[in-house]
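To start, the structure itself, in structure tokens.
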Amino acid sequence: MPEFLPFAGIRYDAARLARSAGPSAGIGAVAAPPYDVIDADDRAVLEAADPHNAVHLILPREARGRDCYRVAADALASWEAEGVLAADPDPRFYLYAMDFEDENGRPRQTRGVIGALGLPAAPGTGTVMPHERTSPKAKSDRLALLRATRANLDPIWCLSLASGLTDLLQPDPGAPLAECVDTEGVRHRLRALDGDAARIAAAVGATPLMIADGHHRFETACAYRDQRADAGEDDPGASRIMAFVVELSEEELCVRAIHRLLRGVSGIDLRATLAPLFEVVGTGFNTPGGVELLRARMASTGGLGLVERGRLALLSPRADALAAALGGVEPQLRAVDAAVFEAVIRPRLPAAAEVAYRSDAQGVGGLVEKGDAEAAVLLRPVTVPQIRAAAFAGVRMPQKTTFFHPKPRTGMVFRRFDG
């Protein structure tokens, strides 16, 4: 079963931040979203927010003849030397909570525990199970950063298949160790869990864990651990990864869809191409209101959405045709829209067509309307029961199936391998 241990985190010194950037400064000025959701504009804003913003670590730039990974390692070391970052005196677990509103305006909260998770013998085996396939390019980038910094700069997100973990997460009294509100209005809080660490470790270790977010970083950590072992290095710090563990329940999780933007499809009639497998029903113009109405119809009918410049359509599956086309897909995935797209729609697009991914339907509609993409397919979010069924069957979902919202902020706590 998973081994999950406390660790002595490295955190921003709030008093030091206030002295250098003014009394109103706080963790919000130095925290950042996860690296893989930061676009070029976001990156520039974060870099300008504070010279110690975590984006300088997770998305560093080359400087003065040093590659970007060395820049990140040097920054981490210098921030510790300057006192911008300080290590907690003793190992502990950390409660991480996010308060937010879901897409329907309903107040929600996600709570979990951050600790050091032991890596299995090989990715995809044993006690930690990936649930999506990955691409090699992102892994090579993260491996270079891990080698240089020897630190976990942001936690992977894991789901516990056992019930009862949330009830154990009772924070110590007093103010949070770190707290901020992000640009989407999500309140992030980090608190100490200095109580019964043994019970928390036992609860996390009761069943295998499933990776919700951070597949690339997890596989990168396993690769780095193996490289160190092959080199004859005894490196206990590299045998673990910082992980945010949340109970797999609908109360704790908010899952959004990841839609498919299409480029290189201007030469085909998408409606005619998809008609043998879907009943294509026009739903109006490609406007923000039109996109919301389309999403509502998708939810009520079980269909997908087609976005083209100036117009929208509902794709209602033709049951017999779709069942035949999905014959080679694992039973647990046949009702997952990402698997339907990959197995049924993608093969009918031109070989040169490119697929990009975005989680907000309104943004997708806008990109198509202004010509940044030629079309898009809107998907419904995967459900928690679908995630659970795939996990217990050991089945991986297609790449970019789930978007867990909101995302923990990078910079609330770091983990050094040599601490």
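The values are calculated or read from the model by the stated rules, or taken from the named source; none is laboratory data. The structure presented is a predicted model; accordingly, all values stated were derived computationally and were not measured. Note: ideal-geometry Cβ built from the backbone for every residue, glycine included; neighbour counts use all protein chains shown.
What strands (runs of 3 or more DSSP E), lying completely within the stretch 157-248, carry at least 3 residues that are crowded, with 21+ Cβ neighbours inside 10 Å and in contact (Cβ under 8 Å) with a residue 60 or more places away in the chain? It would help to see each step written out before you state the result.
Working: elements: 178-181, 187-193, 209-213, 240-247.
Passing ranges, in order: 187-193, 209-213, 240-247.
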Within the stretch 74-96, which residues are free of Cβ contacts under 8 Å to residues at least 40 places away in the same chain and either touching a Cys at 6+ places or on another chain (Cβ under 9 Å) or surrounded by 15 or more Cβ atoms within 10 Å (Cβ to Cβ) (or both)?
ASP74, ALA75, TRP79
Give all pairs with beta carbons closer than 8 Å in which a residue from the stretch 375-393 that is under 13 Å from ALA339 (Cα atoms) meets a residue that is among the aromatic types (Phe, Trp, Tyr) and in a strand (DSSP E or B); count only pairs at least 6 apart in sequence or on separate chains.
PRO381/PHE403
Go through (1) closer than 28 Å to GLY394 by Cβ; (2) in contact with a Pro (Cβ under 8 Å, 6 or more places away or on another chain); (3) not aliphatic (A, V, I, L, M) and name the single condition ASP182 misses.
(1)
When you look at GLN362, is it assigned to a loop (DSSP other than H, G, I, E, B) and either surrounded by fewer than 19 Cβ atoms within 10 Å (Cβ to Cβ) or hydrophobic (A, V, I, L, M, F, W, C) (or both), yes or no?
no
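In this structure, is ALA353 within 20 Å of THR401 (Cα to Cα) and out of contact with any Phe, Trp or Tyr (no Cβ under 6 Å at 6 or more places or on another chain)? Please lay out each step first, then the result.
On the way: within 20 Å of THR401 (Cα to Cα): yes; out of contact with any Phe, Trp or Tyr (no Cβ under 6 Å at 6 or more places or on another chain): yes.
The answer is yes for ALA353.
Would you mind finding the one in VAL355, VAL368, VAL395 that is in a strand (DSSP E or B) and either touching a strand residue (DSSP E or B) at 6+ places or on another chain (Cβ under 8 Å) or at pLDDT below 95 (or both)?
VAL355
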